[in-house]
Amino acid sequence: MIFDLKEMKTADRQYYLQHVIAPRPVCFASTIDADGRVNLSPFSFFNLFSSNPPVVIFSPARRVRDNTTKHTLQNVLEVPEVVINIVSWDMVQQTSLASCEYPKGVDEFIKAGFTREPATLVKPPMVRESKAKLECRVLEIKSLGDEGGAGQLVICEVLRLHINDSLLTEEKKFDQAKLDLVARLGGDWYCRVSKDNLFIVPKPNVKLGIGMDALPEAIRLSRILTGNHLGQLANVHEMPVVQPSFDDDHLKNIVQYFSVNPPEMEKELHTYAARLLDNGQVEQAWQVLLAGEVIA
Ligand SMILES: Cc1cc2nc3c(=O)[nH]c(=O)nc-3n(C[C@H](O)[C@H](O)[C@H](O)COP(=O)(O)O)c2cc1C
């Protein structure tokens, strides 16, 4: 199905886009109005856009329902400062509660049961329960329109980042698993970035990967190796060659038992290579596949 966005109602556009542009991190924004009254609301139209200068953007949109503006937007127009509190799993239900449309001036710290902690450079308070918070100054507010659903981009420079010590290793490196982030998807769906869901994709190194087109045909057209497997194999920076020192009992067994039946042997080798690749053992997988190439 193809959706032509121009032909759609705003609510429907939002519905489909929010399902596919996901997961989105949650900016839990603390702001104040000109009278110093505090507001705390979540926004998942949010991301990091620059590290020099350090810039994040979130978007309190005009309401689709009645085209009114959010208190957060009104506040940053009055006092251009914000603390962005990052939301982890243990905060998610209270964060959702804070998204209720309480009347202006109602402090969602109190409604949602969070603890205020003074920020160091800006006036809005931080959420003590959040393990990572960004003290920001608003650089610019860019309105994307004046109709319901129009995003209002709050472009923020991050002045100070507070990271809970429990998230850092002794060498001050970030332990991604410990933040236990949540993110918003379509409808009422959220996801939790727990240890079990995390995986590593090694960055392509500075040298270029050989590319899919350079893979030998028998590998590229394999019925067993998936796109992910081929992506790993094609990410080496030069075509591997057979290493005589590569000694692997399972490979020897495959060659011994299946050499009389080349198609079966290829199947076995590709299955073994797939297993190695799933384990991140790219060099070994290449050696297994090259053994098949040599014999073929
Ligand atoms: C997790 C979550 C993410 C949200 N993301 C957005 C968003 O990106 N933009 C938006 O306009 N509203 C978003 N909302 C709805 C606002 O939080 C809600 O309209 C809130 O009442 C605004 O509060 P305010 O008027 O006090 O600023 C989100 C709600 C939740 C629970």
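The values are calculated or read from the model by the stated rules, or taken from the named source; none is laboratory data. Just so it is clear, the structure is predicted and the values come from calculations on it, not from any experiment. Quick reminder, even Gly has a Cβ in these numbers, built from the backbone with ideal geometry, and neighbours come from all protein chains shown. Only protein heavy atoms, including side chains, enter the accessible area calculation; ligands, DNA and RNA are left aside. Shrake-Rupley method; radii C 1.70, N 1.55, O 1.52, S 1.80 Å.
Computed quantities for the displayed model
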| read-out | value |
| --- | --- |
| Total charge dipole magnitude, the chain, about the Cα centre, Cβ charges on Lys, Arg, Asp, Glu only, Debye to nearest 20 | 860 |
| ³J(HN,Hα), Karplus 6.51/-1.76/1.60, whole Hz, each residue of region 37-48, x for Gly, Pro | 7, 8, 9, 9, 9, x, 9, 9, 7, 7, 6, 8 |
| Dimensions (Å) - region 126-253, Cα atoms, principal axes, largest first | 63, 44, 32 |
| Top of Pro124, Pro25, Pro263 by mean-square fluctuation, Gaussian network on the chain, Cα under 10 Å | Pro263 |
| Residue among Ile200, Ile57, Ile32 with the largest mean-square fluctuation in a Gaussian network model of the chain, springs linking Cα atoms under 10 Å | Ile200 |
| Candidate residues Glu217, Glu140, Glu108: accessible-area rank, largest first, probe 1.4 Å | Glu217, Glu140, Glu108 |
| Calculated FRET value between Glu147 and Asp278, using beta carbons and R₀ = 51 Å, to 0.05 | 0.55 |
| Cysteines having no other Cys beta carbon under 4.7 Å from their own, within the chain | Cys27, Cys100, Cys191 |
| Largest-first ellipsoid semi-axes for the chain, taking √(5λ) over the Cα gyration tensor eigenvalues, angstrom | 51, 23, 17 |
| The chain, accessible area per residue, ligands and nucleic acids excluded (1.4 Å, Å²) | 60 |
| The chain, helix-only ellipticity at 222 nm - DSSP H runs n ≥ 4, -39,500 (n - 2.57), divided by all residues, nearest 500 | -8000 deg cm²/dmol |
| Accessible surface of the chain, 1.4 Å probe, proportion on carbon and sulfur as whole % | 53 |
